[in-house]
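Enquirer: Below is a structure I'd like to ask you about.
Computed from the coordinates by the stated procedures, all read-outs in this text should not be read as laboratory data. Predicted model, so just to flag it, every value in this text is computed and none were measured. Because the Cβ atoms are built from the backbone with ideal geometry, glycine has one as well, and the counts that use them run over all protein chains shown.
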Amino acid sequence: MIFGHLALSALEHRYLDADLVPVMVAGLAPDLVDKTACQILRATPSGRMWGHTLIGLALSTLLIDLLWGKRAARSWALGYLGHLLGDLNGLLPWFYPFVSYDFKPSPSIWRVLRDFLRNPVRLSGEIALTIWAIVAVWDEAVHIRVSKIQESR
Ligand SMILES: [Zn+2]
């Protein structure tokens, strides 16, 4: 779910030196593409299609590299890959369209949310991941602030 993906991106920012904006946007990008196409536009049968493929990762990273350079592209790739790894709980069409997949029709967003809230293992895992990310980013912010105060003395 969205908080888990954001938490993974925040942890990549904190521990893998990823730039904040590209890693956070990339952490949501696969769902922004595929959930919009499926749930809102009803243009695709599944909420995990083009955005959840290695070709989606490669092409979007190449585009970011062309627009904003290597560091932003590295951060984007980390966030995007983090999203895909966070979605390992279900079908991921890594090699689509080169491999055919049996795309099941996606349930509504409300059904997905209800099922998620009724799954204590997934829910507690996402809460724990989110708390870890908040603590890690908070800790980083405190260290930066302390460093600036010490430099000004
Ligand atoms: Zn996803």
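Enquirer: For region 55-107, what's the radius of gyration and Dmax over Cα atoms, in angstrom?
Expert: 13.2, 38
Enquirer: Still on this model: Could you work out how far apart the two model spin labels at Ser100 and Asp139 are, taking each label as a point 7 Å from the Cα in the direction of the beta carbon, and quote it in nm?
Expert: 5.0
Enquirer: Let me ask something else. Could you state, as a whole-number percent, how many of the C-alpha pairs of region 88-153 are farther apart than 17 Å?
Expert: For region 88-153, the share of Cα pairs beyond 17 Å comes to 67 percent.
Enquirer: If the chain between Ile2 and Asn119 were fully stretched, how many nm would it gain, using 0.36 nm times the residue separation less the Cα-Cα distance?
Expert: Working: separation 117, 0.36 × 117 = 42.12 nm, distance 1.55 nm.
So the extension gain works out to 40.6 nm.
Enquirer: How big is the chain in terms of Cα radius of gyration and Dmax, in angstroms?
Expert: 17.4, 63
Enquirer: So which residue, out of Ser100, Ser46, Ser108, gets the largest mean-square fluctuation from a GNM of the chain using Cα contacts under 10 Å as springs?
Expert: The residue that fluctuates most here is Ser100.
Enquirer: Taking R0 as 25 Å, what FRET efficiency do you get between Ala128 and Val25 from their Cβ-Cβ distance, rounded to the nearest 0.05?
Expert: Once rounded, the FRET efficiency stands at 0.55.
Enquirer: Another question, then. Could you name the lysines whose alpha carbon sits less than 20 Å from that of Lys35, not counting residues in the same chain fewer than 8 places away?
Expert: Correct list for Lys35: Lys104.
Enquirer: Taking 8 Å as the Cα distance limit and 6 or more residues as the minimum spacing, I'd like the relative contact order of region 2-152 as a percentage.
Expert: Values: 179 pairs, mean separation 47.0, N = 151.
Relative contact order for region 2-152 comes out at 31 percent.
Enquirer: Moving on to the next point. So, by mean Cβ neighbours within 10 angstrom, what's the order for 14-26, 74-86 with the highest one leading?
Expert: Sorting 14-26, 74-86 by mean packing, highest first, produces 74-86, 14-26.
Enquirer: Now a separate question. Using only the alpha-carbon atoms of region 1-79, report the extent along each of the three principal axes, biggest first, to the nearest angstrom.
Expert: For region 1-79, the Cα extents along the three principal axes come out at 36, 28, 16 Å.
Enquirer: What does the helix-only formula give at 222 nm for the chain: each DSSP H stretch with n ≥ 4 adding -39500 (n - 2.57), the total divided by the residues, and the result rounded to the nearest 500 deg cm²/dmol? Please list the in-between numbers first.
Expert: Working: 6 runs with 104 residues, N = 153.
After summing the helix terms and dividing by the residues of the chain, the value is -23000 deg cm²/dmol.
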